[in-house]
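The block underneath contains the structure these notes are about, expressed in C-alpha cells.
The values are calculated or read from the model by the stated rules, or taken from the named source; none is laboratory data. Here the structure is a predicted model, which means the values were calculated and not measured. Cβ atoms come from the backbone with ideal geometry, glycine included; neighbour counts cover every protein chain shown.
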Amino acid sequence: MYSNIVASRQWARLACFCRYVSTIEGQTLPQAGKSSDGISPPPRISRSPTDILQALAATVGTDPTAAHYKYHDDPYLIPQSNYRKRAYALSAEAGRKAAAWIRDEHAELFTMREWDPPMKMKTPYFNADPQIEAFAPKPIYNDESKVTEEDLRYTIENALLEDSIKVFELLGGVNNLDDQLKLSLLQLLCFYNEKEPVSMEWVEERWFSAATRDRHAATWRVGGLAEKIFTAMDPKTPEAYCCIIQGMAKYFQAERAHVFAQEAREKGIQLSTTVYNSLLGCVGFLKEGVNLRIEALKGLLHEMNEQGLSPNSETMSACLRSISSWGGGKMLQTTALQIVSEFRLLGIEPTLSAYYYLLCLFCKEQGPRIDILTNIIADLEKRESIKATQATDTNFFITAMGVCSDHLQDVNLAERVHALLMKDDNYQLVGDAYKESIYYRHLVTVSCKYAPFEKTTELLDTLVPNIYVPEPTVMEEIIRTLEVGGAGARLAEAWSQLVVFGHAKRIKLVEKLLSAFCNCYSYQEEEVKAMIRNAAADILKYGQLMEEREENSDRRSPSQKYEIIYVKTYS
Amino acid sequence: MNSLIKVAQSSNLSQWSPVFASQFHTSSALCRVVSGKYRITKKRDRPLTYEMANPPHFIAHRKTWNSWNTSSLKDGLRKSETAVEDDFIRRFVNGTWHGLVCSEIIIKRQFNHIRVAAIVRRAVSPTKMYFLIGYTEELLSNWIQSPVTLELQTVDSYKDVVFKYI
C-alpha cells in the first residue's frame, strides 16, 4: 500500500518533468518559415528574469507625495528636512554595517543551521533556496591568515583593494605571482589609485557622500605599489603599459604618463584608444598657453591616426574636457565646435559628458549669452534612449538646469530639460543627493522667477517636501513669488514649512515672510486673514521661545523686530 | 527547553518508555481550554491588545494568524524549520527592540521573502529607529539567508494599542 503511493508520486513527478521539458521544447521552436496551415507564430523573444517585473513597474508612475521608498512609511519615520533625510538614510545603513560586521566576525555561525538534526550538522547546509551570495559572510584577511592565489583573485574581482594588497604581501610580493594575476592587480591599483573605494553595497553612503569636485591636481601616488609592480614586471606587456599610463593620466600625473607613452612608442608597443583618450584628457598639463595646448591636442589626434586607432565617443569627450578646462574665449570655442563636427563626420554623436563640457565652455557666468542648449536638448529629445557611459554624464542635467536658470533664464527650456530627465530611466542621470538638490534649486528658482504663478505652485506641490526641500535662498524666492501672487493661505502655510525644514531661526527669512504677510494682508478674505494672524502669532511665540532659550546662553535676540512687524500686521 | 532536549537525547529514554505507555487515565476528561486566554483581574486593570482580547477560537473570524506561510499546507516544505525560524525572529526582534514592541510580531513569507510587521513605541529617536531597522533587517537576512523586510508602525505609547482592560 505504502509503496504504491510512493510509486504514483514518482510517476507524477516524471510526468511533471516531461511536461516541463515539452513546454521548453515548444517555446524554443522559432518557426521561421510558414507552416502548412498558413499560421506563422512569431519567433520567441528571450526575456530576462526581471523583464516582466520591469514591464509591470512601467505601468505605475512614481508618487511624488510619498516619501522615497528607502524611508519607512510612517508619520514618525518620514523625514521632513534635508538634515533628517540624510541622517535617517545613513543611520539605517550604519545599522546594516553593524550587522555585516557581526556576520564577518562570527562567520562560522552563519554557514549552517544550528537547529538542523544532528546528521545534517556535519555538512555545510544553506538555509535558503535560492542561495544568495550577498548574504554569505565575507572573508577577513590579517597577518595570520593563510592565503592562496585564489584569495587574491577573489579580492581583485570584488575590488577589495586593501584586502588585495594584504593578500599580495602575504603571498610574498611580486616575485611569487603569475603574470596574469600581477596584471590584474596592477589594473586594480591603477584604477583606484591605491585608495579603497566605497563598496557598492553601501548605496546611501555613495548617494550622500560629500560632493568633491574633480580636482585637477596630481593625486597619483608616486612611488607606490603600482609603480613597484610595474617596474618589477618583465617583460613589460602592452597591457601593463596601457594600465600604468591610464592610471597616471587619470590622477593627473601628466608628464610621467606622456613620458611612459613616449617610451612605449619607442619600443614599438601598440597603445589602445582608451590610453590615448586618457592622454588627451591631461594634455593641457604639458604646455602653457592656449595655442600650444591646442597644437599638442591636435598632435595627439594625428598620432592616433598614424597608429591606425579609430577614435570613439570617449575620445571626443576627453578632447572637450581638456579644452573646457583651459578657460574660455573665441578660439577654444571654435576649436571645440570643429572637433564636434569632425566627430559627427565620423558618425560619432556627442555623449552627455561631451555636451556637459560644451556647456561649461560656452555658458560662462559673466560671458555673453550663447544659446547652444536649445540645440542640445533638441538632439537629445530625438534620441531613443540616453545611456550613461561615463561618471561625468551625471553632470549634464545639473549644468543644463543651471544654464536655464542663470544663463538663459528661460523657463520653457527648463521644462524641456526636466521632461527629458523624467523620461524613461533617465532619472538615474541625476547623480547623487548633492547634485539632485542643486538641480531642483535651479529648477524652482527659474520657475519662481519666470513661470506663471499657477504652474509654479503646481511644481512646488509635487516637489516639496518629499523630493526636494528648499534651501533658505530658494525659500526666499518662493516667498517672494507667493507674495506677488497674493496667495495668503500659502504664505501662512509657508511659516510651518519654515519650522519643519529647520529654517525658522533665520531672521532674514522670517522678516521676509512677515513683510509678505503685511503686504498681502489687506486684500485677503476673512478666513485667510485669520490664518495669517495665527501664523504671525505663532512666529511671535516662536521668537519668544527662542529668546528665552537664548537668554540662558546670553545672546541677543531679534524678537523686538518680530513685535514691531507683528503690530503692523494687526493695525 | 534545554533540559527537555537533554532528556530526549539521553540514552535511558527507551527504558522509561514502557512505563509511559502503560499509564491510562480513568477520570473524565476536563474540557477546559485555557491557553491563549487571559484571566480577569480583581481590579479590572489588565491591559489587553485586540489580539490578546480575542481567544484562539476567533482566529480567522475576528483576528488572523501571526505567521503567514504555506508550510502547513499539503506537501508544504520546511515545516519545523519555518516554525523555529519564526520563533527566532520573534525573540530577536523583541530583544533588539527592547521594550519598544507593543504588539504581536507578524511574519509573512512570500517566495523567499520574509516580511516582519510590528507596532513599536516612539520611545527612541527616529535616527535610532532607523539604525535598528537596518541592523535587524541585515542580521536576520544574513542569518536566514533570504531577504527580510521590516514593516513597522509607530504609536505614541503602549496605551494606544490597548483594546480593553479586564
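Against the test of being crowded, with 16+ Cβ neighbours inside 10 Å, under 24 Å from residue B:145 (Cβ atoms) and more than 13 Å from chain A (Cβ to nearest Cβ), the options B:72, B:67 yield a single qualifying residue, B:67.
Selection of segment A:256-276 for residues being in a helix (DSSP H, G or I) and out of contact with any Cys (no Cβ under 9 Å at 6 or more places or on another chain) yields A:256, A:259, A:260, A:261, A:262, A:263, A:265, A:266, A:273, A:276.
Results for (1) in contact (Cβ under 8 Å) with a residue 40 or more places away in the chain; (2) crowded, with 20+ Cβ neighbours inside 10 Å, shown as yes or no for each residue.
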position	(1), (2)
A:271	no, yes
A:292	no, no
A:299	no, no
A:321	yes, yes
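For every residue, the table says whether it meets (1) in a helix (DSSP H, G or I); (2) under 28 Å from residue A:256 (Cβ atoms).
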residue	(1), (2)
A:140	no, no
A:143	no, no
A:151	yes, no
A:155	yes, yes
A:165	yes, yes
A:168	yes, yes
A:175	yes, yes
A:185	yes, yes
A:198	no, yes
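Somewhere in segment A:391-404, is a residue of a type outside the set (A, V, I, L, M, F, W, C), surrounded by fewer than 22 Cβ atoms within 10 Å (Cβ to Cβ) and over 28 Å from residue A:208 (Cα atoms)? Checking segment A:391-404: not a single residue is of a type outside the set (A, V, I, L, M, F, W, C), surrounded by fewer than 22 Cβ atoms within 10 Å (Cβ to Cβ) and over 28 Å from residue A:208 (Cα atoms). Just one of the numbered conditions (1) farther than 30 Å from residue B:42 by Cα; (2) surrounded by 13 or more Cβ atoms within 10 Å (Cβ to Cβ); (3) more than 14 Å from chain A (Cβ to nearest Cβ) is not true of residue B:59; which one? Among (1) farther than 30 Å from residue B:42 by Cα; (2) surrounded by 13 or more Cβ atoms within 10 Å (Cβ to Cβ); (3) more than 14 Å from chain A (Cβ to nearest Cβ), residue B:59 violates only (1). Across segment B:134-153, the qualifying residues are those that are hydroxyl-bearing (Ser, Thr, Tyr) and either surrounded by 20 or more Cβ atoms within 10 Å (Cβ to Cβ) or under 15 Å from residue A:101 (Cβ atoms) (or both), and the one among them that is farthest from the other protein chains (Cβ to nearest Cβ) is B:136.
Looking only at segment A:57-99, count how many residues are of a type in the set (Phe, Trp, Tyr), touching a residue at least 60 places away in the same chain (Cβ under 8 Å) and facing chain B (nearest Cβ under 8 Å).
0
Among the numbered conditions (1) assigned to a helix (DSSP H, G or I); (2) in contact with a Phe, Trp or Tyr (Cβ under 6 Å, 6 or more places away or on another chain); (3) of a type in the set (Ser, Thr, Tyr), the only one that residue B:154 does not meet is (1). Considering the conditions (1) within 27 Å of residue A:169 (Cα to Cα); (2) at pLDDT 85 or above; (3) hydroxyl-bearing (Ser, Thr, Tyr), residue A:274 is excluded by exactly one of them, (1). Regarding segment A:368-387, can at least one residue be identified that is surrounded by 15 or more Cβ atoms within 10 Å (Cβ to Cβ) and within 24 Å of residue A:452 (Cβ to Cβ)? Scanning segment A:368-387 turns up at least one residue that is surrounded by 15 or more Cβ atoms within 10 Å (Cβ to Cβ) and within 24 Å of residue A:452 (Cβ to Cβ).
Of all the listed residues (A:483, A:511), the sole one being closer than 22 Å to residue A:469 by Cβ, among the charged types (D, E, K, R) and touching a Leu at 6+ places or on another chain (Cβ under 9 Å) is A:483.
All of A:455, A:449 fail the test of being in a helix (DSSP H, G or I), free of Cβ contacts under 8 Å to residues at least 40 places away in the same chain and over 17 Å from the mean Cα position of the chain (by Cα), apart from A:455.
If you check A:460, A:421, which single one turns out to be touching a residue at least 24 places away in the same chain (Cβ under 8 Å) and among the aliphatic types (A, V, I, L, M)?
A:421
Residue A:68 meets each of the listed conditions (1) more than 30 Å from residue A:437 (Cβ to Cβ); (2) at pLDDT below 90; (3) surrounded by fewer than 14 Cβ atoms within 10 Å (Cβ to Cβ) apart from (1). Among the candidates A:102, A:132, the residue that is within 28 Å of residue B:110 (Cβ to Cβ), modelled with pLDDT of 80 or more and at the interface with chain B (Cβ under 7 Å from one of its Cβ atoms) is uniquely A:102.
Mind listing whichever residues of segment A:352-379 are of a type in the set (Ser, Thr, Tyr) and modelled with pLDDT of 90 or more?
Hits for segment A:352-379 are A:353, A:355, A:356, A:357.
All of (1) more than 10 Å from chain A (Cβ to nearest Cβ); (2) closer than 16 Å to residue A:92 by Cα; (3) over 21 Å from the mean Cα position of the chain (by Cα) hold for residue B:97 with one exception: (3). Of all residues in segment B:121-133, those that are touching a Gly at 6+ places or on another chain (Cβ under 8 Å) and at the interface with chain A (Cβ under 7 Å from one of its Cβ atoms) total 4.
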